[in-house]
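The values are calculated or read from the model by the stated rules, or taken from the named source; none is laboratory data. Keep in mind the model is a prediction, meaning the values are calculated, not measured. Note that we place each Cβ from the backbone using ideal geometry, even for glycine, and neighbour counts take in every protein chain shown. With ligands, DNA and RNA removed, areas are computed over all heavy atoms of the protein, side chains included. Shrake-Rupley method; radii C 1.70, N 1.55, O 1.52, S 1.80 Å.
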Amino acid sequence: MKGQNIKKSLFSEWRTIDTAQSAASIFDITHDQEPTLENYCIALLEKVFTIPQSQLPEFINYQLQLAQDGNTWLNKFEKLLANNEELFFSQKALSRFNKLYNIIEKKRTELQSSSVKETKQATPKRLINAESEDRYFSFFEIKQQVEKMESFNEKIIFLNEEIFEYRQADIISINNKLQAYDQQCVQFIEKLQTLRKMRSEIEKEKELELEKKLTTKKLKFNGNLNQLVDIFYQLSRELFVDGKSFIDASNGEIVNMIVNNFIDKDNNEISPQTVETILKPSRGDKRPKTHKRIDLDNFL
């Protein structure tokens, strides 16, 4: 199962127990990795395939007791099965697949008949945007669920899935005192994206400010540029210690070092092409004459 490509369903809540806990029920979803949504979906499918078919109703009842919103969990569970229908075909478990769907339909009917009043007590009718045959749509609830999610991408996907479900649902009643459910979801997505962009821009500004603070101020060389470059020429080509040049660097590295760390006596940036020319052994005419040369040999 873990080696196969599992398509997850966006459960807004899930509960898993560490595999090491021996007190876990056979119906608990256990994990030996980080309890993420993806790992939960994988573990849930593994449980579906390993539990005897006769115990599947009891298993689903157990999961519904753990969920704060049984209807929503049931909808997401059904979505998980639909997303991975091919897996049941490849495992030759079509009868198990069909039985799960029959259990889901039965439990959905039971929930609608026995707990609609309870869900409405938890969520006042004035906060329910609309109702369909299968569920109700409350942006008030959804917003709370989204705000508990840590992943930005999961928030956006979850809200878009809610928009699709609402637009495809057979709506039987609408609360005209509230904005349309899908419109509120769209606006919430726009808000999340705008805030994320703003936070990103603020972080970039902070990084730029930090870079400016960390950037070393360039040193001003008050001599002639060819004198400065000639110092590095001597250290890399003419002066040696233990048989090695004092500076072990390529011409390109020396060019970058000078250009990035010095300005000339007129406070101008130094041209890398000019430095590169002066460093060429064949261009001795560009380096200072002997009487103007800063002779490092006298200091060593």
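The residue list Leu111, Ile172, Ser95 was ranked by how far each Cα lies along the charge dipole of region 62-196 toward its positive end, using unit charges on Cβ atoms, and Leu111 comes out on top.
The Met257 and Glu13 beta-carbon pair, evaluated with R₀ = 45 Å, returns a calculated FRET efficiency of approximately 0.20. Put a dot 7 Å past each Cα toward the Cβ at Gln168 and Lys286; how far apart are the dots in nm? Result for the modelled spin labels: 6.9 nm. Computed with a 1.4 Å probe over protein heavy atoms only, the accessible area of Thr72 comes to about 30 Å². For semi-axes √(5λ) of the Cα gyration tensor in Å, one of (1) 45, 34, 22; (2) 72, 26, 15; (3) 37, 24, 17 was computed from the structure I shared and the rest are decoys. Which label? Only one listed value fits the structure, namely (2).
Helix-only arithmetic for the chain: the sum of -39500 (n - 2.57) across DSSP H runs with n ≥ 4, divided by the residue total, places the mean residue ellipticity at 222 nm at -17500 deg cm²/dmol.
Take every pair of alpha-carbon atoms less than 8 Å apart whose residues are at least six positions apart; their mean separation over the length of the chain yields a relative contact order of 11 percent.
In this structure, the amide hydrogen of Phe262, modeled 1.01 Å from its nitrogen in the peptide plane, lies closer than 5 angstrom to those of Leu219, counting only residues at least 5 positions away or on a different chain.
Computed over neighbours whose Cβ is under 11 Å from that of Asp134, the net charge equals -4, Lys and Arg +1, Asp and Glu -1. Rounded to whole Å, give me the distance from the Cα center of region 141-157 to that of region 27-101. Going from one Cα centre to the other spans 22 Å.
Assuming charge only on the beta carbon of Lys and Arg (+1) and of Asp and Glu (-1), the dipole of the chain about its Cα centre is about 620 debye to the nearest 20. Overall, region 52-193 carries a charge dipole of about 280 debye about its Cα centre when +1 sits on the Cβ of Lys and Arg and -1 on the Cβ of Asp and Glu, all other atoms neutral.
Considering only Asn251, Leu66, Ser132, the residue lying farthest towards the positive end of the dipole of the chain is Asn251, judged by Cα position with unit charges set on Cβ.
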